[in-house]
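Asker: Once you've had a glance at the structure underneath, I'll fire off some questions.
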Amino acid sequence: MEPQTLESYLQGHAKGKMLHAREVAETVRALSEGAIAMRDIINQGVLGSAFATAQETENPDGDVQKGLDVLADDAFLNVVRKVPVALYASEELDHPVLVNDKAPLGLAIDPLDGSSNIDANVSIGTIFAIMPVKDDPAEHPNSTFLQPGRNQLGAGFFIYGPQLALALTLGDGTNVFVYSNRHQAFVRAYENVAVPPQTHEFAINASNFQHWEPPVRAYVDDCLAGADGPREKRFNMRWVASLVAECYRIMMRGGVFLYPGDQRKGYAHGRLRIVYEANPIAFLIEQAGGGAIDTTGAILDIQPHTIHQRVPLVFGSRDEVRQIQRYHTEESATAHRSPLFGKRGLFRT
């Protein structure tokens, strides 16, 4: 039996009763075509012209912006001009672009997540969220993107790694499609992904430990204390510094990812953007049975106030996400730990 292609999956979705099902299917199809083209550019590496002209600048939010970031942004904007997208909001742009004021959808996108890893040949990706248009898109272009994440009609990411893969949810579970050279198409590799509810693996940037708030320090200390510590089991620690790579690993084998706010200037509210990073990742993970919070509440329930708003992000295996939430909301989660680990640890002074 031949595997289901992304095309046949989208055709089935287009016939369904979900809001703007046909238009959402058209948009995902166009994004997949753009991702294939981006994969070919990325695969050339420093041998390609896109890298040769990769002068670094800053995006509107102050992050380092490589030439390939700009190229990816232009490429995906051009792709969606052919589909029913009214507004295009991107990490690389100050304001949304009005594409077609008669169309019913808004697309929020991080065109090239993890681009700081390009030189190291680490997996990078494209993250996207599809929203229903709200208000007049010409007069109020921001309104469409300032909706809670639960209003998303679809979300996903392409990961440019050993395989070109698409993690996708259209509100009916999360599926993973891998591009097949033999079929010249994306084919479904994992149907209805289910993130294991429990885990012994967490991902966090340990170099920031001196800036962490007490609940984060307590959680990491307790994990690293191993089988003799309060958690009574051994944990592994991971950190790839590529959001799509971290999320893909968690979908395949479980785990949790933490990028909390911390005490550094500009980091109090985290560094990941809610509209085009946290919301689509949270939608994918929740549809796969996992959890996604800002340390205290569900990411998808947050009402954004600006398109480039930052948010702390914790996501992954449901039971472990709830445990992290308890460290932030319940004093008892840290108050009754053994004296050995309650007073000091690897990341505690």
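The values are calculated or read from the model by the stated rules, or taken from the named source; none is laboratory data. Source: prediction; values computed, not measured. Heads up, the Cβs are rebuilt from the backbone with ideal geometry, glycines too, and the neighbour counts pull from every protein chain shown.
For every residue, the table says whether it meets (1) touching a Pro at 6+ places or on another chain (Cβ under 6 Å); (2) outside the structural domain of PRO84 (by TED's automatic domain parsing); (3) free of Cβ contacts under 8 Å to residues at least 24 places away in the same chain; (4) of a type outside the set (A, V, I, L, M, F, W, C).
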residue: GLY154; (1), (2), (3), (4): no, no, no, yes
residue: PHE157; (1), (2), (3), (4): no, no, no, no
residue: ALA165; (1), (2), (3), (4): no, no, no, no
residue: GLY171; (1), (2), (3), (4): no, no, no, yes
residue: VAL176; (1), (2), (3), (4): no, no, no, no
residue: GLN184; (1), (2), (3), (4): no, no, yes, yes
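Asker: In addition: In segment 177-195, which residues are surrounded by fewer than 20 Cβ atoms within 10 Å (Cβ to Cβ) and part of a loop (DSSP other than H, G, I, E, B)?
Answerer: Once the filter is applied, which keeps residues that are surrounded by fewer than 20 Cβ atoms within 10 Å (Cβ to Cβ) and part of a loop (DSSP other than H, G, I, E, B), segment 177-195 yields ASN181, ARG182, HIS183, GLN184, GLU191, ASN192, ALA194.
Asker: Is it true that TYR219 is among the aromatic types (Phe, Trp, Tyr) and more than 12 Å from the chain's Cα centre (by Cα)?
Answerer: It is true that TYR219 is among the aromatic types (Phe, Trp, Tyr) and more than 12 Å from the chain's Cα centre (by Cα).
Asker: Oh, and also: So in segment 263-321, with the set limited to residues that are aromatic (Phe, Trp, Tyr) and surrounded by 23 or more Cβ atoms within 10 Å (Cβ to Cβ), which one is nearest to CYS247 (Cα to Cα)?
Answerer: Of everything passing the filter in segment 263-321, PHE315 is nearest to CYS247 (Cα to Cα).
Asker: Considering only segment 228-335, give the helices (runs of 4 or more DSSP H) lying wholly within it that have at least 2 residues that are of a type in the set (Asp, Glu).
Answerer: 318-329
Asker: Could I ask something else about it? Applying the selection to segment 120-148, what residues are among the hydroxyl-bearing types (Ser, Thr, Tyr) and over 30 Å from ASP40 (Cβ atoms)? Walk me through it before giving the result.
Answerer: From segment 120-148, those among the hydroxyl-bearing types (Ser, Thr, Tyr) are 123, 126, 143-144; that's our starting set.
Passing the criteria: SER143, THR144.
Asker: Additional query: Restrict the check to segment 327-337 and report whether at least one residue is surrounded by 15 or more Cβ atoms within 10 Å (Cβ to Cβ), of a type in the set (Lys, Arg) and modelled with pLDDT under 95.
Answerer: yes
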